[in-house]
1. Taking the stretch 1-21, which residues are at negative phi, basic (Lys, Arg) and outside any helix (DSSP H, G or I)?
2. Can we say Ala60 is loosely packed, with under 15 Cβ neighbours inside 10 Å, of a type in the set (A, V, I, L, M) and either free of Cβ contacts under 8 Å to residues at least 40 places away in the same chain or in a helix (DSSP H, G or I) (or both)?
3. Considering the stretch 22-50 alone, what residues qualify as being surrounded by 11 or more Cβ atoms within 10 Å (Cβ to Cβ) and assigned to a loop (DSSP other than H, G, I, E, B)?
4. Condition first: modelled with pLDDT of 95 or more and either crowded, with 17+ Cβ neighbours inside 10 Å or over 25 Å from Thr14 (Cβ atoms) (or both). Now tell me which residues in the stretch 71-84 satisfy that.
Amino acid sequence: MFREHFAFRETITTILADSKEFIEAAKQGLLSARAEVEAYIQTEPYFQMTYEPLSVSDDAPLTVRRMADAGFAAGVGPLAAVAA
């Protein structure tokens, strides 16, 4: 089992995987999802600021839609819903 601490801006996590290549894949996935969210925030800044659930359009990136869905499920804003 491989374990690696990973931090990039506000993203801080520990990745556990059976192979080092999976660690790299996880890091790339995190960076890709983060880039989607950051790009969306540039066009919809309220997404980052709201403490309330927020509807997003069907053409929003998948990561953004999932965060919005999590916000509705938890009764909080999309960023709060995915914070641990």
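1. Arg3
2. no
3. Listed by number, the residues that qualify are Glu44, Thr50.
4. Gly71, Phe72, Gly75, Val76, Gly77, Pro78
The values are calculated or read from the model by the stated rules, or taken from the named source; none is laboratory data. The structure displayed is predicted, hence computed values, not measured ones. Counting neighbours? That spans all protein chains shown, and the Cβs are built from the backbone with ideal geometry, glycine included.
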